[in-house]
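The values are calculated or read from the model by the stated rules, or taken from the named source; none is laboratory data. These numbers were taken from a predicted model, which means no experiment stands behind them. Heads up, the Cβs are rebuilt from the backbone with ideal geometry, glycines too, and the neighbour counts pull from every protein chain shown.
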Amino acid sequence: MSARSQVQVEATIRRHRMLRAGDRVGVAVSGGADSVALLLLLLELREKLGITLLVAHFNHQLRGAESDTDEAFVRELAARHGLEFVAGRADVAARARENRWNLEDAARRLRYAFFEELVTAGRADRIAVGHTVDDQAETVLARLARGTGPAGLAGIYPVVGHVVRPLLETRREELRRELRKRGQEWREDASNRDMARLRARVRHSVLPHIERELQSAAVKHLSELASLVREDESFWAAVVQSCFVSSVAANDAGLSISIADMLEPKAIAGPLGHVAGDTRVLEAVSKRLIRRLAAESRGQRGQLTALHVEQVLRLSREGQSGQRVQLPGGTEVERVFDRLVFARPREMLAEGAEETTKAMPSYEYSVTLPEEGTATVVIPEIQKRLCLKVIDWPGGAGDTSILDATLDRDLLRPPLIFRNWRPGDAYRPVGRQGTRKVKRLFQEHRVPARERTSWPVLTSSGKLAWAGALPVAEEFATSEGTRAAVVIGEETL
């Protein structure tokens with residue numbers, strides 16, 4: 001691939017912190033031009049990035065012998081470059097019928113479930129997929145056509161969990177041109193040209209027409225729009241999270257919030273300052289808070305529309321106790337006097353009832369703290385990866401939010417153990433007088449009951465030093481004399 005493409009892809013990877021030295025990267029290769037080009041580019045960049053590669057292919061079994069030929073093509077491509085090849089397969093059409101899923105949605109679900117299995121099994125740290133800037137523009141246009149809000153305009157995210165998209169700032173035609181120059185073949189999926197599909201019409205008809213007749217830089221502009229919206233969404237997500245943590249109560253039946261906190265979210269005063277009393281601002285936050293509550297509550301996926309959100313708002317403003325609104329996915333919102341209750345779907349309540357009969361998940365993993373860099377522990381019991389990162393500490397102790405989350409490396413003593421929280425666990429949180437039980441801190445920080453049983457903590461020589469999103473222990477907290485700090489990050493597998 002050209003030096004220009006290498007520079008562009010490397011810049012994308014570094015800008016979005018997609019990969020770290022030492023990562024084992026599973027490259028998702030369908031056999032199409034984009035994924036083949038992604039593999040070749042990462043092969044050329046792997047030494048510079050300090051990564052190792054394996055090739056992952058998922059056979060959707062939708063096109064009979066053609067699907068098997070695609071798999072054989074990718075297997076041979078991996079062998080030619082001396083790379084490990086891992087294949088997954090599923091009868092996507094049968095699973096779609098069984099679960100009443102859209103065929104495209106079923107394919108995506110099963111494909112990404114395969115990728116997740118690779119990470120969970122420790123065979124890969126990251127999965128690189130071949131979405132291009134053209135895919136980004138097509139996604140934004142397709143969502144506009146179907147109807148979407150600001151969140152939909154954010155398009156495809158560069159990094160989602162363990163999935164990264166190094167080609168998201170690269171044009172599709174540029175990749176194909178380079179493949180042709182080097183004589184590299186690829187496989188064409190005929191279904192991509194099925195004009196009965198909205199995505200195919202956008203790709204082969206609508207977007208080319210816009211570029212030709214309206215704006216030649218349309219793809220670039222649509223991608224930039226998505227990027228700007230993602231920045232705004234990050235801000236709004238932080239505001240809504242603040243409101244959610246401070247106002248939402250949880251129990252086995254679901255989530256609840258007071259009518260007052262729904263209509264006038266008190267937690268926005270800090271981030272939004274003097275505009276917090278503006279009714280337009282309050283309504284904007286309320287609507288996003290409703291979406292967050294619905295997302296946390298519902299079981300099967302369903303499309304929450306603006307109409308559903310308005311119905312919940314009307315229930316808050318004008319409803320009587322006992323009145324209800326039904327949301328997609330089985331969630332029911334009921335007004336109970338001065339509160340709204342987002343009740344879980346019956347199937348989730350049944351699952352929850354079964355889970356309460358099971359013993360608390362118990363786990364314990366030791367970790368060695370490095371002098372510098374990062375140590376990682378995978379905890380399959382809670383489907384999380386915990387990363388201890390050692391950083392320089394140039395006098396950052398003045399920031400209370402940083403103090404709450406960082407440990408002094410030199411105060412930690414082996415053995416360092418990650419384990420689940422246990423009844424009776426207690427410690428003195430940084431900045432507080434006296435010891436607090438973790439159970440009490442769960443209540444203070446509005447940690448939902450369903451999250452508490454498997455909550456991770458870190459002990460240093462038997463003493464509790466860190467407890468997830470709760471403040472760190474005063475005994476191990478950073479201070480002005482700290483030379484190096486430890487930040488612990490959590491990633492969902």
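If you go through region 150-167 and keep only what is outside any helix (DSSP H, G or I) and within 25 Å of Ala284 (Cβ to Cβ), you end up with Ala154, Gly155, Ile156, Tyr157, Val160. Kindly indicate whether Leu207 is touching an Asp or Glu at 6+ places or on another chain (Cβ under 9 Å), farther than 22 Å from Arg317 by Cα and either in the same structural domain as Val312 (by TED's automatic domain parsing) or buried (at least 17 other Cβ atoms within 10 Å of the Cβ) (or both). Spelling it out, Leu207 is indeed touching an Asp or Glu at 6+ places or on another chain (Cβ under 9 Å), farther than 22 Å from Arg317 by Cα and either in the same structural domain as Val312 (by TED's automatic domain parsing) or buried (at least 17 other Cβ atoms within 10 Å of the Cβ) (or both).
Which residue out of Glu178, Glu185, Glu211 is out of contact with any Gly (no Cβ under 6 Å at 6 or more places or on another chain), farther than 16 Å from Leu141 by Cα and in a helix (DSSP H, G or I)? Walk me through how you get there before you give the answer.
On the way: Glu185 fails: in a helix (DSSP H, G or I); Glu211 fails: farther than 16 Å from Leu141 by Cα.
Only one candidate passes the filter, namely Glu178.
Being among the basic types (Lys, Arg) and assigned to a loop (DSSP other than H, G, I, E, B) is the filter here, so list the residues in region 47-90 that pass it. Selection gives Arg63 alone.
What residue, of Arg80, Arg4, Arg75, Arg20, is closer than 29 Å to Cys387 by Cα and either of a type in the set (Phe, Trp, Tyr) or surrounded by fewer than 19 Cβ atoms within 10 Å (Cβ to Cβ) (or both)?
Values: Arg80 fails: closer than 29 Å to Cys387 by Cα; Arg4 fails: closer than 29 Å to Cys387 by Cα; Arg75 fails: closer than 29 Å to Cys387 by Cα.
Checking each option against the conditions leaves just Arg20.
Just one of the listed residues (Leu175, Leu168, Leu179) is within 29 Å of Phe235 (Cα to Cα), modelled with pLDDT of 90 or more and surrounded by 16 or more Cβ atoms within 10 Å (Cβ to Cβ), and it is Leu168.
Listed here are the residues, each with its yes/no results for (1) closer than 16 Å to Val133 by Cβ; (2) of a type in the set (Val, Ile, Thr).
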residue: Ser5; (1), (2): yes, no
residue: Ile13; (1), (2): yes, yes
residue: Leu19; (1), (2): no, no
residue: Ser30; (1), (2): no, no
residue: Leu38; (1), (2): yes, no
residue: Leu43; (1), (2): no, no
residue: Leu54; (1), (2): no, no
residue: Phe58; (1), (2): no, no
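When region 405-464 is filtered for residues that are under 29 Å from the mean Cα position of the chain (by Cα), of a type in the set (S, T, N, Q) and either outside the structural domain of Val378 (by TED's automatic domain parsing) or not in a strand (DSSP E or B) (or both), the ones remaining, listed by number, are Gln443, Thr453, Ser454.
Scanning region 479-492 finds no residues that are over 30 Å from the mean Cα position of the chain (by Cα), outside any loop (DSSP other than H, G, I, E, B) and at pLDDT 90 or above.
Yes/no per residue for (1) touching a strand residue (DSSP E or B) at 6+ places or on another chain (Cβ under 6 Å); (2) without any contact (Cβ under 8 Å) to a residue 24 or more places away in the chain; (3) not assigned by TED's automatic domain parsing to the domain that holds Cys387; (4) not aromatic (Phe, Trp, Tyr):
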site: Ala28; (1), (2), (3), (4): yes, no, yes, yes
site: Asp34; (1), (2), (3), (4): no, no, yes, yes
site: Val55; (1), (2), (3), (4): yes, no, yes, yes
site: Phe58; (1), (2), (3), (4): yes, no, yes, no
site: Ser67; (1), (2), (3), (4): yes, yes, yes, yes
site: Arg75; (1), (2), (3), (4): yes, yes, yes, yes
site: His81; (1), (2), (3), (4): no, no, yes, yes
site: Val86; (1), (2), (3), (4): yes, no, yes, yes
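Within region 109-117, is even one residue surrounded by 15 or more Cβ atoms within 10 Å (Cβ to Cβ) and small (Gly, Ala, Ser)? No, because not a single residue in region 109-117 is surrounded by 15 or more Cβ atoms within 10 Å (Cβ to Cβ) and small (Gly, Ala, Ser).
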